[in-house]
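Novice: Here's a structure for you.
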Amino acid sequence: MKQNDSLRAIIWRDNALHLLDQRYLPHQQTYLELLQAKETADAIRDMVVRGAPAIGITAAYGVVLAARAAYAKNAGAWREEIQADMQYLAQSRPTAVNLFWALKRMEALFPSLEGDPEAALVAEAGRIHQEDIEANYQMGLLGEAYIPKDTAVITHCNAGALATGGYGTALGVIRSAFSADKLSQVYADETRPWLQGARLTAWELLQDGIPVTLLSDGAAASLLRTGTVSWAIVGSDRIAGNGDVANKIGTYGLAIAAKHHGVKFMVVAPTSTIDMSLSSGEQIPIENRSKDEVLSLNGQAVAAQDADAWNPAFDVTPAALVDVIVTEKGVVEHPTAEKMAALMAK
Ligand code: MRU
């Protein structure tokens with residue numbers, strides 16, 4: 001394991017899936033043991049596990065659990081039997097394309113499997129998991145090369161070990177820059193309404209001794225105005241073929257503020273997050289979550305009883321606001337459709 005890399009949110013052990021329940025961080029660190037595909041999909045929907053790569057890896061292990069049940073029920077027709085669970089997994093969350101990418105990759109194995117499919121599917125899910133960690137190490141190195149010495153950075157949401165197989169995408173670059181002694185400070189947006197920044201990113205960085213200062217999302221533009229920060233570094237849930245980037249709601253505003261103040265904007269994501277079937281970010285499905293996430297905090301109402309709310313979980317940052325997209329296959333500066341296609345052809 002690399003330095004500053006102590007966290008694993010997804011563990012396959014003793015024939016079961018173990019997920020660190022991120023709903024209760026930072027106060028409680030408990031792992032849920034899952035044995036069924038349906039409860040795995042529910043865990044994704046309910047944010048036990050979240051973050052695009054982590055959702056994909058979890059879904060891959062969910063396919064293992066689905067295949068186990070389908071084979072036990074009808075060994076001769078498990079491929080038909082599994083379909084309802086495959087669909088249920090696919091419906092868990094709509095924006096992170098890693099979910100559909102992982103399901104497709106698992107399903108591609110089905111025709112070649114003979115007898116009990118479980119061992120082969122566990123091995124494939126394990127490969128998806130391990131490849132994600134390796135991609136994060138690689139992106140850490142590629143992204144860190146852009147960071148000069150004594151740099152303060154800002155990040156939004158949680159694109160860390162908790163959101164991936166391990167090490168993280170945006171936080172992977174931050175971990176690598178910290179190891180290279182280049183980081184003076186990490187600023188983390190609290191990330192309303194679910195507070196991934198406050199509850200997850202600050203906790204995750206502190207676990208590994210990386211200095212972090214929290215700020216409310218509304219304070220980010222003022223921080224950038226001070227000139228303290230020279231890079232904004234974020235992850236992504238889906239990148240369209242023209243380099244438009246879907247990420248946690250508030251990323252778009254951060255990118256606009258960064259452009260206005262001459263702060264560079266880096267997106268770090270594995271190629272499993274790139275959706276070349278979409279020509280622009282406008283086609284990315286944006287999840288709308290419950291109004292309660294905005295209207296209340298920790299189960300306590302914070303708004304007038306009859307107040308309405310709008311709660312899109314993600315927004316789209318146009319490619320024109322992005323200085324560099326970092327993937328495990330290489331980097332794309334000032335992304336365009338042509339450059340994205342060249343990257344994916346590698
Ligand atoms: O709603 P979430 O917590 O799943 O949203 C997560 C994000 O927006 C992350 O920034 C993104 O998935 C990249 S994770 C490496």
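Novice: Per DSSP H run of at least 4 residues, take -39500 (n - 2.57); add these up for the chain, divide by its residues and hand me the 222 nm value, nearest 500 deg cm²/dmol.
Specialist: That comes out to -11000 deg cm²/dmol.
Novice: Right, next: Helix 118-144: angle to the longest alpha-carbon principal axis of the chain, degrees 0 to 90, nearest 10?
Specialist: The angle comes out near 10 degrees.
Novice: Relative to the present Cα-Cα distance, how much length would full extension add between M276 and A72 at 0.36 nm per residue of separation?
Specialist: Result: 69.7 nm gained on full extension.
Novice: Run the dipole for the range 146-344 about the Cα centre, Lys and Arg Cβ at +1, Asp and Glu Cβ at -1, nothing else charged, and hand back the magnitude in debye, nearest 20.
Specialist: So the dipole magnitude of the range 146-344 works out to roughly 420 debye.
Novice: Once Lys and Arg get +1 and Asp and Glu get -1 on their Cβ, which of G227, I210, I284 lies farthest toward the positive end of the dipole of the range 201-289?
Specialist: Comparing the listed Cα positions along the dipole, G227 ranks first.
Novice: Further question: Just Q305, Q130, Q87 to compare: in a GNM of the chain, with alpha carbon springs under 10 Å, which one fluctuates most?
Specialist: Between Q305, Q130, Q87, it is Q305 that shows the largest mean-square fluctuation.
Novice: On to the next question. How far is helix 251-261 tilted, in degrees, relative to the longest principal axis of the Cα atoms in the chain, given as a value from 0 to 90 rounded to the nearest 10?
Specialist: Value to nearest ten degrees: 30.
Novice: Same structure, new question: Taking the chain as the reference, fit the longest principal axis to its C-alpha atoms, fit the long axis of helix 52-73 to the helix C-alpha atoms, and give the angle between the two in degrees, 0 to 90, nearest 10.
Specialist: So the helix axis and the longest Cα principal axis differ by about 10 degrees.
Novice: Students often forget the sequence filter, so: which aspartates and glutamates lie under 20 Å Cα-Cα from K73 once same-chain residues fewer than 8 apart are removed?
Specialist: E39, E81, D85, E107, E114, D116, E118
Novice: Tally Lys/Arg at +1 and Asp/Glu at -1 over every other residue whose Cβ is under 13 Å from the Cβ of Q29; what's the total?
Specialist: Counting the neighbours of Q29, the net charge comes to +1.
Novice: In debye, nearest 20, what is the charge dipole magnitude of the chain about its Cα centre with +1 on Lys and Arg Cβ and -1 on Asp and Glu Cβ, if you could check?
Specialist: 500 debye
Novice: Still on this structure, please answer the following. So what's the chain giving for Cα Rg divided by 2.2 N^0.38 Å, two decimals?
Specialist: Expressed relative to 2.2 N^0.38 Å, the Cα Rg reads 0.97.
Novice: Can you tally the net charge around A220? Count Lys and Arg as +1, Asp and Glu as -1, for every other residue whose Cβ sits under 11 Å from the Cβ of A220.
Specialist: -2
Novice: A further question on this structure: What does the charge add up to near I55, with Lys and Arg as +1, Asp and Glu as -1, over the other residues with Cβ less than 9 Å from its Cβ?
Specialist: My count for the surroundings of I55 gives +1.
Novice: Among the lysines, select those whose C-alpha is under 23 Å from the C-alpha of K182, and discard any that sit fewer than 8 residues away in the same chain.
Specialist: Correct list for K182: K2, K149, K259, K264.
Novice: To continue, here is another question. Once the piece of chain linking Y24 and A303 is laid out straight, how much longer is it, given 0.36 nm per residue of separation minus the C-alpha distance between them?
Specialist: Roughly 98.1 nm would be gained on extension.
Novice: From the phi angles alone, apply the Karplus equation (6.51, -1.76, 1.60; θ = phi - 60°) to the range 79-93 and give each ³J(HN,Hα) in whole Hz, x where the residue is Gly or Pro.
Specialist: After applying 6.51 cos²θ - 1.76 cosθ + 1.60, I find 5, 7, 4, 7, 4, 4, 5, 4, 5, 4, 4, 5, 8, 5, 8 Hz.
Novice: Where in the range 227-294 are there chymotrypsin sites (Phe, Trp or Tyr not before Pro) that are in a DSSP coil and have at most 11 other Cβ atoms within 10 angstrom of their Cβ?
Specialist: Passing sites in the range 227-294 do not exist.
Novice: Right, another one. Just subtract the alpha-carbon distance of K346 and Q36 from 0.36 nm times their residue separation and send over the number in nm, one decimal.
Specialist: Length gained, K346 through Q36: 107.9 nm.
Novice: For the chain, set up a Gaussian network in which alpha carbons nearer than 10 Å are linked by springs, and say which option among I233, I325, I82 fluctuates the most.
Specialist: Between I233, I325, I82, it is I82 that shows the largest mean-square fluctuation.
Novice: What FRET efficiency do you get for A180 and W12 if R0 is 25 Å and r is their Cβ-Cβ distance, rounded to the nearest 0.05?
Specialist: About 0.20, to the nearest 0.05.
Novice: Give me, ordered by chain and number, the residues 5 or more places off F265 or on other chains with an amide H under 5 Å from its own placed amide H.
Specialist: A232, D323, V324
Novice: Of T40, T213, T164, which is the most mobile in a GNM of the chain whose springs link Cα atoms less than 10 angstrom apart?
Specialist: T213
Novice: Please report the antiparallel percentage of DSSP beta bridges with both residues in the chain, rounded to the nearest 5.
Specialist: Once the DSSP bridges in the chain are tallied, antiparallel ones form about 50 percent.
Novice: Using a Cα-Cα cut-off of under 18 Å, which lysines could be cross-linked to K329, ignoring same-chain neighbours fewer than 8 residues away?
Specialist: K339, K346
Novice: Go through the range 295-304 residue by residue and turn each phi into a ³J(HN,Hα) via Karplus (6.51, -1.76, 1.60, θ = phi - 60°); whole Hz please, and just put x for glycine and proline.
Specialist: Each residue's phi maps through the Karplus curve to give 7, 9, 9, 6, x, 9, 4, 10, 10, 4 Hz.
Every number in this text was worked out from the coordinates using simple rules, so none of it is lab data. None of these values were measured; they are calculated from a predicted model. Here Cβ is always computed from backbone atoms with ideal geometry, including for glycine, and neighbour counts include all displayed protein chains.
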